[in-house]
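J.: One structure coming up, written as structure tokens, with questions to follow.
The values are calculated or read from the model by the stated rules, or taken from the named source; none is laboratory data. The shown structure was predicted, so the numbers you read here are calculated from the model rather than taken from an experiment. In this analysis, Cβ positions are derived from the backbone assuming ideal geometry, glycine residues included, and neighbour counts consider all displayed protein chains.
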Amino acid sequence: MPKRPLAHALLLALILAAGAGLGAGGVEGTAAQRAENQRETPLVRAVQRARAAAVNIHTEKTTPVTDPAFATPGRHGRKVNGMGTGIIIDERGYIVTNHHVVNGVDKLSVTLASGNTFDAVVISEDPIRDLAVLKIQASVPLTVMPLGTSSDLMLGETVFAIGNAFGYESTITMGIVSALHRDVEVNDTQSYKNLIQTDAAINPGNSGGPLINLNGEVVGINVAIRAGAQKIGFAIPMDDARKIIADLLKIEYFDGTSHGLIARDVKAGGDRRLVVEGARAGSAADVAGLKPGDVVLKAGEMPIVDNADLERALLGHGVGDEVRLTVRRDGRPEQIGLKLGPANGETLAAGAGSVIVHPGETDPMSERIWEVIGVRVAKVARSNSKLVNSKYEGGLQVVAIRNDSPAAHGGIQPKDVLVGLDRWTTVRMEDVSWVLDHRESEVTPLRFHIVRSTETLFGDLQLMTQQR
């Protein structure tokens, strides 16, 4: 065997040693990287995707004085702090939560995942189906919760909840889908149909928050727990919730506009689309030429999956504004110009019967009614549960009463539906304003008619202008 020079032998040894060291280091580095990747499970990735669109809700309300001996003017109950959770459904600051989270509150604030806190107002609510929409004035577009479907949920599927559990903000709990299609009666006044049952820990404060799948998509809205039980919680299926959200965001109520489109949500696993069934005669959709079988793909630049998307895409537009719809017709995409028309009594009456819409605080008409009569009112349709069997075409539900006001002295109560003033019906706030402008005598009390439960009552308002 030939002899190599000593220098060559040392060089070869160094090369081999270095190679062995690099190999060992490379193997160690790869193992560490694999271990790190194993920590980032599908659940972790789903949480990262969904967490930014879940918000923490903080409320304050005044409990009523229950002892009649202390129920004197100016005396109030004690302040009670509450909590809940919400889901961002539109980048402009629209948030959905449970109605029972915000019902009757005096103050309402929302804290984002970033830690920023905003005052919030309830813009619409549905006490019977237990959902409400809030609005905050954010300075930047917000992250919207990734939308899933509850149509293909599987028993045993992994889900997790994000919520303000007992005030511990953004708490994350994990479980499985325990059962589907549960009907649950919480108390004498609140019951639910078709709920998702889960064993993910849902506690007070979780109400209104998202139930999420492993793709980070919201598949339900957490709503209730079974008192005295362990790991039995319930959520409204997201497909059901989206239909309610569409009612809560109807442009007829907020913008006084109408599209007239009659469309159906299709949700079957990955098949999610909005299918046109028809258009009201003479409506914007009818004039635009939308046909049964059309699938609405976009409104402007916003992708459309269901009626809730359509309503929020059109929200904020005025009468006469044209929105370009992209539809699929006979397998091909087409562009259609939809020029919004004015809302009318027919479209308003066709709305969801249990929806209550709150006027803006800066609305001059709302402020006038508050100052002169002492009530804040919200439009309700003829199909409202209190009016459905009555002769009235609609009304204005009382959502707040000013102490020592004509309404308070006249015996009007929260949740009464104002259906008439003097000899005129009151379907809109404009009707109330018109009556105030056209009273025959300022010294004569103003007769009011209300519906309370299913009974029609009447009384008199001694207006402030008559007391001076």
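J.: When only residues in the stretch 134-187 that are among the acidic types (D, E) and assigned to a strand (DSSP E or B) count, which is nearest to T97 (Cα to Cα)?
T.: Applying the filter and picking the extreme gives E169.
J.: Right, another one. Exactly one of these conditions fails for P210: (1) buried (at least 17 other Cβ atoms within 10 Å of the Cβ); (2) modelled with pLDDT under 95. Give me its number.
T.: (2)
J.: Please find, among A165, A200, A161, the residue that is farther than 15 Å from V219 by Cα, touching a residue at least 12 places away in the same chain (Cβ under 8 Å) and surrounded by 14 or more Cβ atoms within 10 Å (Cβ to Cβ).
T.: A165
J.: Mind listing just one residue for me: the one in the stretch 69-106 that is at pLDDT 95 or above and acidic (D, E) and, of those, nearest to I123 (Cα to Cα)?
T.: Among those residues, the one meeting the criterion is D90.
J.: If you don't mind, there's one more thing I want to ask. On the given criteria, is L297 assigned to a strand (DSSP E or B), more than 12 Å from I251 (Cβ to Cβ) and modelled with pLDDT of 90 or more?
T.: yes
J.: Still on this structure: Quickly run through the stretch 86-116 and pick out the residues that are assigned to a helix (DSSP H, G or I) and hydrophobic (A, V, I, L, M, F, W, C).
T.: If the condition is that a residue be assigned to a helix (DSSP H, G or I) and hydrophobic (A, V, I, L, M, F, W, C), then V101, V102 are the ones that fit.
J.: OK, next. Across the stretch 393-405, what is the number of residues that are assigned to a loop (DSSP other than H, G, I, E, B), at pLDDT 80 or above and not polar (S, T, N, Q)?
T.: 2
J.: Which members of the stretch 315-342 meet the condition of being within 19 Å of D247 (Cα to Cα) and not hydrophobic (A, V, I, L, M, F, W, C)?
T.: Once the filter is applied, which keeps residues that are within 19 Å of D247 (Cα to Cα) and not hydrophobic (A, V, I, L, M, F, W, C), the stretch 315-342 yields G316, H317, G318, G341, P342.
J.: Out of all the residues in the stretch 245-267, which are among the hydrophobic types (A, V, I, L, M, F, W, C) and surrounded by 24 or more Cβ atoms within 10 Å (Cβ to Cβ)?
T.: Once the filter is applied, which keeps residues that are among the hydrophobic types (A, V, I, L, M, F, W, C) and surrounded by 24 or more Cβ atoms within 10 Å (Cβ to Cβ), the stretch 245-267 yields I245, L248, L249, L261, A263.
J.: I would also like to ask the following. Do we have G220 as in contact (Cβ under 8 Å) with a residue 12 or more places away in the chain, touching a Lys or Arg at 6+ places or on another chain (Cβ under 7 Å) and not assigned by TED's automatic domain parsing to the domain that holds G269 here?
T.: So G220 fails the test.
J.: What are the residues in the stretch 406-460 that are part of a strand (DSSP E or B), polar (S, T, N, Q) and closer than 23 Å to E367 by Cβ, if any?
T.: T425
Conditions (1) out of contact with any Leu (no Cβ under 7 Å at 6 or more places or on another chain); (2) assigned by TED's automatic domain parsing to the domain that holds I212; (3) crowded, with 23+ Cβ neighbours inside 10 Å, marked per residue:
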residue: A229; (1), (2), (3): yes, yes, no
residue: G233; (1), (2), (3): yes, yes, yes
residue: G269; (1), (2), (3): yes, no, no
residue: V276; (1), (2), (3): no, no, no
residue: A281; (1), (2), (3): yes, no, no
residue: P292; (1), (2), (3): yes, no, no
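J.: In the stretch 350-392, which residues are modelled with pLDDT of 75 or more, part of a loop (DSSP other than H, G, I, E, B) and more than 26 Å from the chain's Cα centre (by Cα)?
T.: Listed by number, the residues that qualify are I373, G374, S390, K391, Y392.
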